[in-house]
Amino acid sequence: MPDTLPFMPFALPEIGDAEIAEVVDTLRSGWVTTGPKAKRFEDDFSAFLGDASLHCMAVNSATAGLHLALEALGIGPGDEVITTTHTFTATAEVVRYLGADVVLVDIDPATLCIDPALVEAAVTPRTKAIMPVHYGGLAADMPALLDIAKRHGLKVVEDAAHALPTTSGGALVGTLGSDATVFSFYANKTITTGEGGMVVTRDADLAKRIRTMRLHGMNRDAFDRFTAKVPSWYYEIVAPGFKYNLTDIAAAMGIHQLKRARAFHARRAAIAHAYHAAFAELPLIVPPDAPAGELHAWHLYPLRLTDAAGIDRDALIEQLFAAGIGCSVHYIPLHLQPYWRDRYALRAESFPHSQRAFERMLSLPIYTRMTDADVQRVVAAVRRALG
Ligand SMILES: *Cc1c(COP(=O)(O)O)cnc(C)c1O
């Protein structure tokens, strides 16, 4: 029976007629790169976060956004940035782009997010910033991390690639007290523009630097100061900037994806809770819910096998694939990746919680286009594999 059903991918974007019509409108408009739709997407994003004092800057990936945020904060050679080993390499690679060093720390096994006590223990005179990741869509312990940052004079850049919408202390990620927050609109994220991201900050100077560096280091303000009228052709290059702007074609998708973010979230949460209920009696650790009253974005649904499961992670993934169900692992921790391991002489024993989680975890499909029957198909396949 399983092989008569079509393969169920691990992730699928949900692109509707409104997104398609807006993209077509953009194509017909003659303005396909950054322009009015990117601006509208940024304005809509501030409105979504509910705070008009935020600067929202659309970029062509979250990786680009993280790079811009750290660059604008002045991170450079000799500096250290603390982040979690249990993340995608993008979180850490941007630190190396700037010639600074990455200090990886372990996770709290209950939340799979960075452990604030280990962050504090890792602070040295060279530490300049902390980069928390809201793993899977659950907020990292932001009150503790912001307190550590304040006491040690550190910057905080949130990797919020999974965290739309996520809350901490009742406030949406993006509006917390960090220096910058970066969202991803990659194809498998909670909303998508194909490729894309958004940098959010309250700091006007930081926003100005990010806007300049997003597009080649171009600036028109110097001219503005001396003349009332800036010729349309005039610009100044104030730094060797990057090419990180989001196209209007991508932003056209984002405008409509954002309108659906709440409905998408409700569907993801319903799938997560259906999984929770189905797996309650099995020898599995289900991902933690957000504390009462908080939002968990449910970008990922990472299961962990217990010793009683009687099957290892690799065998379970093989059986799910054999049943036509795609799944994945989030993440192979950075301390196991050759570049990071060798550069910093990292050993798995230094990251026992991430290591243990990695060895026992797999991420099940969780996306809005899954039907209830799809969810039950995954549940049945997991049950069968666990005997
Ligand atoms: C997806 C992801 C990124 C990178 O996002 P892009 O938009 O693809 O650059 C960064 N960090 C984490 C944790 C991610 O999952």
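Tabulated data
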quantity: Euclidean distance between Cα centres, region 81-98 to region 240-255, Å; calculated: 23 Å
quantity: Protein-only accessible surface order, largest first, of W233, W340 at 1.4 Å; calculated: W233, W340
quantity: Three-way shape label, region 40-88, alpha-carbon gyration tensor, a/c 1.5; calculated: prolate
quantity: Per principal axis, descending, Cα span of region 261-385 in whole Å; calculated: 46, 33, 24
quantity: Segment A322-D205, length gained on full extension (0.36 nm per residue, minus Cα span); calculated: 36.8 nm
quantity: Which of H276, H152, H86 is most accessible, then next, and so on - probe 1.4 Å; calculated: H152, H276, H86
quantity: Extension gain from A171 to A187, taking 0.36 nm per residue of separation minus the Cα-Cα distance; calculated: 3.2 nm
quantity: Whole-Hz couplings from phi, Karplus 6.51/-1.76/1.60, listed for region 253-269; x for Gly and Pro; calculated: 5, x, 4, 7, 4, 5, 4, 9, 4, 5, 5, 4, 4, 4, 5, 4, 5
quantity: Average Cα contact separation per residue, the chain, under 8 Å, 6 or more apart, as relative contact order %; calculated: 23 percent
quantity: Around L98: net Lys/Arg minus Asp/Glu count, Cβ-Cβ under 9 Å; calculated: -1
quantity: Mean shadow area of region 17-259, taken as a quarter of the surface of its Cα convex hull (nm²); calculated: 13.9 nm²
quantity: Region 25-47-region 293-312 distance, computed between alpha-carbon centres (Å); calculated: 38 Å
quantity: Stretchable slack from I311 to E359, in nm (0.36 nm times residue separation minus alpha-carbon distance); calculated: 16.1 nm
quantity: Under-5 Å amide H pairs with T127, H placed in peptide plane, nonlocal only; calculated: E80
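The values are calculated or read from the model by the stated rules, or taken from the named source; none is laboratory data. In this text, all values refer to a predicted model and were calculated from it rather than measured experimentally. Every residue, glycine among them, receives a Cβ derived from its backbone with ideal geometry; neighbour counts consider all protein chains shown. For accessibility, only protein heavy atoms count, side chains too; no ligands or nucleic acids. Shrake-Rupley method; radii C 1.70, N 1.55, O 1.52, S 1.80 Å.
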